[in-house]
């Protein structure tokens with residue numbers, strides 16, 4: 001098989017995998033990311049699969065990767081609604097006072113950033129557009145807020 005034929009076959013398989021994931025409920029951009037991950041896993045794999053087993057392997061890896069992604073986003077959404085959602089929409093739940101105190105110590109800009117990203121499920125680009133800053137700035141601010149929360153939580157645990 002020539003290199004050009006192989007590349008065309010892999011490109012066709014990537015399109016098939018992406019369509020498969022979209023048909024199973026994945027968003028197009030998520031499906032594209034997962035297909036890319038599948039190809040990376042395939043390249044990193046030490047085992048060489050015969051052509052007749054390659055396609056089923058790729059579909060199985062793509063589906064399990066999507067399920068992992070779906071479960072992870074569900075857990076994140078649960079945490080966001082529990083700790084960052086408006087109090088009126090959330091039934092009273094026992095909230096860890098440390099988290100409550102840590103959130104209270106954040107500035108309103110930091111809380112707003114967390115709400116945009118996690119509560120409203122906006123992408124980095126959408127948050128950047130809304131705040132009128134570059135996506136890199138949003139990523140850095142999120143990183144700093146996460147570190148700040150971690151520091152506050154660690155400090156409060158040590159004091160108890």
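Within region 148-160, can you find the residues that are closer than 14 Å to residue 103 by Cα and touching a residue at least 12 places away in the same chain (Cβ under 8 Å)?
Result: 148, 149, 152, 153, 156.
Within region 112-145, can you find the residues that are closer than 17 Å to residue 81 by Cα, part of a helix (DSSP H, G or I) and without any contact (Cβ under 8 Å) to a residue 12 or more places away in the chain?
Answer for region 112-145, where residues must be closer than 17 Å to residue 81 by Cα, part of a helix (DSSP H, G or I) and without any contact (Cβ under 8 Å) to a residue 12 or more places away in the chain: just 112.
When you scan region 60-73, do you find a residue that is modelled with pLDDT of 80 or more and assigned by TED's automatic domain parsing to the domain that holds residue 146, even just one?
no
Please indicate, with yes or no, whether at least one residue in region 37-50 is exposed (fewer than 13 other Cβ atoms within 10 Å of the Cβ), in a helix (DSSP H, G or I) and in contact with a helix residue (DSSP H, G or I) (Cβ under 8 Å, 6 or more places away or on another chain).
No: zero hits.
Scan region 114-147 for residues that are within 20 Å of residue 100 (Cα to Cα) and either out of contact with any helix residue (DSSP H, G or I) (no Cβ under 7 Å at 6 or more places or on another chain) or loosely packed, with under 12 Cβ neighbours inside 10 Å (or both) and jot them down.
The answer is 115, 120, 143, 144, 146, 147.
The values are calculated or read from the model by the stated rules, or taken from the named source; none is laboratory data. Just so it is clear, the structure is predicted and the values come from calculations on it, not from any experiment. Note: ideal-geometry Cβ built from the backbone for every residue, glycine included; neighbour counts use all protein chains shown.
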